[in-house]
1. What chymotrypsin sites (Phe, Trp or Tyr not before Pro) in the stretch 1-30 are in a loop by DSSP, with at most 16 other Cβ atoms within 10 Å of the Cβ?
2. Which pairs break 22 Å Cα to Cα here: Lys78/Lys98; Lys26/Lys79; Lys200/Lys250; Lys98/Lys250?
3. Taking the DSSP beta bridges in the chain as the whole, what percent of them are antiparallel, to the nearest 5?
4. Report the antiparallel proportion of the DSSP beta bridges in the stretch 2-92 as a percent, rounded to a multiple of 5.
5. Taking Cα atoms, how many degrees apart are the long axis of helix 66-82 and the longest axis of the chain, rounded to 10 and kept between 0 and 90?
6. Over the chain, what percent of the accessible surface lies on carbon and sulfur atoms, probe 1.4 Å?
7. Can you tell me the orientation of helix 240-255 relative to the chain, as the angle in degrees between its alpha-carbon axis and the longest Cα principal axis, to the nearest 10?
8. Scan the stretch 116-198 for chymotrypsin sites (Phe, Trp or Tyr not before Pro) in coil per DSSP, keeping those whose Cβ has at most 14 other Cβ atoms within 10 Å, and list them by number.
Amino acid sequence: MSFELDVITLFPGMFDALAQYGITGKANRNNIFQLSTWNPRDFTSDNYRTIDDSPYGGGPGMVMLPQPLDEAICAAKKKQAGLGINRAQVIYLTPQGKRLDQELATRLSKLPGLILLCGRYEGIDERLIKNQVNMEISIGDYVISGGELAAMVLIDTIVRLLPGTLGDPQSANQDSFSCHLLDFPHFTRPEVYKGDNVPKVLMSGNHAEIKRWRLQQALGRTWLRRPDLLAAKIASGMTKEEEKLLEEFKQSNKQN
Ligand code: ADE
């Protein structure tokens with residue numbers, strides 16, 4: 001069964017990029033996920049198709065009206081219910097939300113589908129969030145102009161994890177963060193590029209050695225670049241082999 005995505009957005013066209021290009025495009029053509037958009041403007045009842053108004057209490061910008069969003073969400077829920085998905089989770093993309101990481105994406109990828117709510121302007125009436133939203137997610141500590149790009153980031157992250165998306169299921173496991181580690185460095189032809197050689201071990205054909213080297217690089221990079229991730233890795237438990245590889249990396253780093 002395909003993963004059912006319903007997106008509430010004032011800019012449905014933005015999602016064409018996701019549904020057409022690259023890995024997500026291919027997954028979409030292979031029916032690994034289904035993406036439908038719902039424009040809140042289609043759920044307005046006035047001639048101007050109004051979707052926002054000024055904030056109570058004053059201040060700059062506009063706030064999205066609850067009613068068109070409410071009806072758009074209800075329509076998406078009804079559609080999902082018709083496909084056997086009851087109690088569809090509604091996620092609102094906002095800088096106030098829980099920070100997206102690989103673990104959260106993995107958890108969400110196991111659901112049958114999601115309804116994603118994209119805000120614009122200063123935000124959405126809080127009562128709509130209280131009544132209709134199950135979870136708020138942020139893609140990082142910065143502000144972008146609306147929830148659409150954030151929703152696309154979330155969708156891409158989830159779709160990569162759905163069975164059948166990546167040709168080699170190993171790819172997702174090898175990605176950065178899949179076990180609290182950054183990815184190891186990659187090399188391809190030519191063997192020497194601008195005087196720089198591909199590490200010898202990768203040319204050796206010794207698969208056990210290559211695996212060891214890659215794990216060591218992943219540990220070392222995480223130590224150098226993301227001590228916060230390494231702390232999580234240590235807390236989740238390192239094998240004796242991993243401890244030894246990291247120690248070796250630290251020693252050789254000191255010498256350089
Ligand atoms: N909307 C605006 N900024 C955002 C962010 N950082 N994450 C999710 N949604 C957003």
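The values are calculated or read from the model by the stated rules, or taken from the named source; none is laboratory data. Keep in mind it's a predicted model, so treat the numbers as computed, not measured. Positions of Cβ are backbone-derived with ideal geometry, glycine not excepted, and every protein chain shown enters the neighbour counts. For accessibility, only protein heavy atoms count, side chains too; no ligands or nucleic acids. Shrake-Rupley method; radii C 1.70, N 1.55, O 1.52, S 1.80 Å.
1. Counting only loop positions with at most 16 other Cβ atoms within 10 Å, the chymotrypsin sites (Phe, Trp or Tyr not before Pro) in the stretch 1-30 are Tyr21.
2. Those over the limit are Lys78/Lys98; Lys26/Lys79; Lys98/Lys250.
3. 15 percent
4. 25 percent
5. Roughly 70 degrees between the two axes.
6. Answer for the chain is 51 percent, counting heavy atoms of protein chains only.
7. 80 degrees
8. The qualifying sites are Tyr142, Phe187.
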